[in-house]
1. Is there a residue in the stretch B:163-172 that is surrounded by 20 or more Cβ atoms within 10 Å (Cβ to Cβ) and within 22 Å of B:Ser244 (Cα to Cα)?
2. Could you say which residue among B:Asn353, B:Asn272, B:Asn333 is polar (S, T, N, Q), part of a loop (DSSP other than H, G, I, E, B) and either on the phi < 0 side of the Ramachandran plot or surrounded by fewer than 16 Cβ atoms within 10 Å (Cβ to Cβ) (or both)?
3. How about the stretch A:177-231: which strands (runs of 3 or more DSSP E) wholly inside it have at least 3 residues that are farther than 16 Å from B:Leu32 by Cα?
4. Test each condition in (1) facing chain B (nearest Cβ under 10 Å); (2) in contact with a helix residue (DSSP H, G or I) (Cβ under 9 Å, 6 or more places away or on another chain) for A:Asp115 and report the one that comes out false.
5. Could you list, in sequence order, the residues of the stretch A:232-249 that are away from chain B (no Cβ under 12 Å) and either assigned to a strand (DSSP E or B) or under 12 Å from A:Asp163 (Cα atoms) (or both)?
6. From B:Ala326, B:Ala360, grab the single residue that is part of a helix (DSSP H, G or I) and either on the phi > 0 side of the Ramachandran plot or facing another protein chain (nearest Cβ under 7 Å) (or both).
7. For the stretch B:5-18, what are the residues that are buried (at least 17 other Cβ atoms within 10 Å of the Cβ) and either within 11 Å of chain A (Cβ to nearest Cβ) or free of Cβ contacts under 8 Å to residues at least 12 places away in the same chain (or both)?
8. Of the residues B:Ile368, B:Ile339, which single one is in contact with a helix residue (DSSP H, G or I) (Cβ under 7 Å, 6 or more places away or on another chain) and facing another protein chain (nearest Cβ under 7 Å)?
Amino acid sequence: MKPVQPAFHGSKHYANILRDRLKRIFLDMGFIQVSSPMLEISFWNFDALFVPQGHPIRDTSDTFFVKEPAKGLLPDAKLVDRVKKTHESGWTTGSTGFGYNWGAEAARTNLLRTDLTSIIARELSNIKIKELPLKIFSIDYVFRNTINNRLIQSQSVTGLMADEKINFKHLLGLLNNLFNKLGFSETRFRPSYFPYTELSVKPEFFNKSSKEWVSLGGAGILRPEVVKPLTGSEVPVLAWGLDFERILADIYNIKDLSEAYSTDINFVSSFNPFSKRL
Amino acid sequence: MPSMNFNLNDFCNLVGRRFSKEKILDKLPMMLGVEWLGSRGDELIIKVPTNRPDLLSVEGLARASRSFIGLKKGLINFDLAESDYFLKISKSVKSVRPFLSIAVIKGVKLTDDVIKSLIQLREKLQSYCSNGIKAFIGIHDLRAVKFPLNYTIVETSSSKFIPINSSKAIALNQLSEQKESPVILSADDEVISLPGIATSELTKLRSSTNDLLIEVTGTDSLIVSKVLSILVASLIERKTKVYSVIVREGKFKHAAPDLSPSRFKLDINYCNKLLGIKLSSKRVIGLLERMGYGIKHKDDQLIVEVPCYRLDVLHPIDLVEDLAVAYGYAKFNHETPLIPSVGSELPKEETINLIRERLASYGYNEVINCLLTNQDVLFNKMLAVETPVVKLLNSKSSEHNLCRNSLTPLIINLLSLNKHNDYPQAIFEVGDVLIRRGNEVIQDKRLCFAKARNNSNYTEVKLVAENLLSLLNVKFKTKDFTSSSFIKDRASAIRFGKEQIGFFGDVNPEVLNNFGIKIPVAICEIRISGLI
């Protein structure tokens, strides 16, 4: 993209301009914005999301663990007990569980959140079923311990919709509306796997220049083993976590994702915010 | 997600139908959730979802594909032939590595494709099992194994064996740090397997091998039995025959392996409600059979038999997903959820946005720094006294092992990365910092802005700060601020009531020098969490 004018003019950061746009879309659709701490305990990042302790996904999540302070405090003991029982034997969710001994100490481990799904767990633990529907979203930073071309700090666009009346078709409809508003013309939904959703969906868009399907993140219906211990009920919950930088790269034509957050001031202020997609 | 290599021709032979590379490339991701990594000629590479270790071999992939396209639907019944092979599990292993599963496979033709696939499957499964801790796999040439076997504990200093691919017998304590270790002993007391570490050279597979003994040991009973099932089910695809081994544990005897399916109840209405479609029970049964399940039913209640090699089915919901995959995600209508509600942003976002707009209107450019930084940027170069910060345990980069507790050092650092650009430079950031008080961590929202230009910038930064604070209706006072990061008498603390909420001033030239900046910089940082 050509510089609009070097230096002298002030500007909002191009990533924040997109963030504002995404926020507006969710507000238009009646969603409530929420936030949660960046420094999180394993309980909210993994355990409450039915990711078993010692599961390969915990290793492959490139988690930043915290040395000081190493441990945090667990929430309400009743909630912790429900999560423990669900992991061990399924509790009353109709699941078999994983058949291992769940440890509270490991759940207290401090880390930098690897995903915004921790927000989903926290918010679900606060809702009252009488207050449905629940429609929330968050756009915020997550952290991955990596030295490859991936970013150690990136943003996730996460949200959920909980209501007795919703189903899988609504999940696809909602994501489709969102992608239309962002100007993605060709998208598809593919089967995938995430530990906390079943059905799981990988939304992808067709990149016309590279002629490839590119992932936009993940989505699905939360597992009963996630929803019931947190809410006490089995209400359907649609959830998604989109890769902010993939959207950013497509809209601003950034070729290399690791360059999504440049430190060059001229580069940062040269983006044209007068895009039809913003 | 682990990767898996396979040969196109081998795959087609196993399925029993020819496919073009393009066809597979198009279909597999939509039917099994695998992803493409690439191909080299007829050699294809895919990524397999973490929950489907049964697809980590070309045999498993072919089995799933064959039933998906309807060539052979429903549950595969595994014929288990009886035998008098015998293994005893000693009490002593209980506390270390209690679980074992075992099978004999006969009539294996170890062609290149079979060997490659078997080695790959063993490797991938083992790394899936925390590198052999949860389950370790030993594959032996049956001819070289003398029954009965004994799974027991030995002292590592007094036991020897020849590890695979070596020629010398060595003491077990050269391989294991433990004083005692579980082993599998053959009838003549030779160690044939040292679980978690290696199997023996004596029983290794050779080109003449036709019959195999496969044993899996580990600390997780479910994983041990599933891993063996996956291996056996893969080899059965190669037209082999499975024999049981009689396992005695104390007084109890059973025939291993257990290849029987598990059973789940599934209500058709539950499926239809979650999917938002109306499928008849006949249709549901047909679709589930294409995913390799066996079905027994009565009206709308199904009993679904889940094959032994699947370890991802924990709840009826997992069957609903497979049903939707077989139906085809692409066939679902997209329905806009018409659920009215009132949206709202976080209480402080609107004000933060106004602040950002105001700073942009003053000619400042917004930047985004990383939360993670290091001792050098945060304290040393700033000539600042070290304050408590959140420290990371396992960062792969020494550049990023602390969480920032102030924006100022990172803003100065960013200016140091822009020395090649024209001056003046004016930048700002609104971002979170982590403040550590003992074991408590507070996430605090900060605003920081800086001006770099040839003469002193103190007055401009002061004016901007004062203007912003009065717009926010903050009754603030300024006081002298002493900090080695700033020029003496050219820095002020911003106070609100009894609290210091920020500071501004001309940065100490020595600090700028540490960052390699040769032009004066004035900077201001304000805690906005408490003000808006």
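1. Looking for residues that are surrounded by 20 or more Cβ atoms within 10 Å (Cβ to Cβ) and within 22 Å of B:Ser244 (Cα to Cα), one finds none in the stretch B:163-172, hence no.
2. Of B:Asn353, B:Asn272, B:Asn333, the one residue that is polar (S, T, N, Q), part of a loop (DSSP other than H, G, I, E, B) and either on the phi < 0 side of the Ramachandran plot or surrounded by fewer than 16 Cβ atoms within 10 Å (Cβ to Cβ) (or both) is B:Asn333.
3. Ranges flagged: A:197-207, A:212-215, A:217-222.
4. Status for A:Asp115: all satisfied but (1).
5. Our first condition is that a residue be away from chain B (no Cβ under 12 Å); within the stretch A:232-249, this holds for A:232-233, A:239-243, A:246-247, A:249.
Answer for the stretch A:232-249, where residues must be away from chain B (no Cβ under 12 Å) and either assigned to a strand (DSSP E or B) or under 12 Å from A:Asp163 (Cα atoms) (or both): A:Ser233, A:Ala239, A:Trp240, A:Gly241, A:Leu242, A:Asp243.
6. Only one candidate passes the filter, namely B:Ala360.
7. Listed by number, the list holds a single entry, B:Cys12.
8. B:Ile368
The values are calculated or read from the model by the stated rules, or taken from the named source; none is laboratory data. What you see is a predicted model; the values in this text were computed from it and never measured. Using ideal geometry, Cβ is built from the backbone for each residue, glycine included, and neighbour counts are taken over all protein chains shown. Heads up: the accessible areas ignore ligands, DNA and RNA and are worked out on the full protein's heavy atoms, side chains in. Shrake-Rupley method; radii C 1.70, N 1.55, O 1.52, S 1.80 Å.
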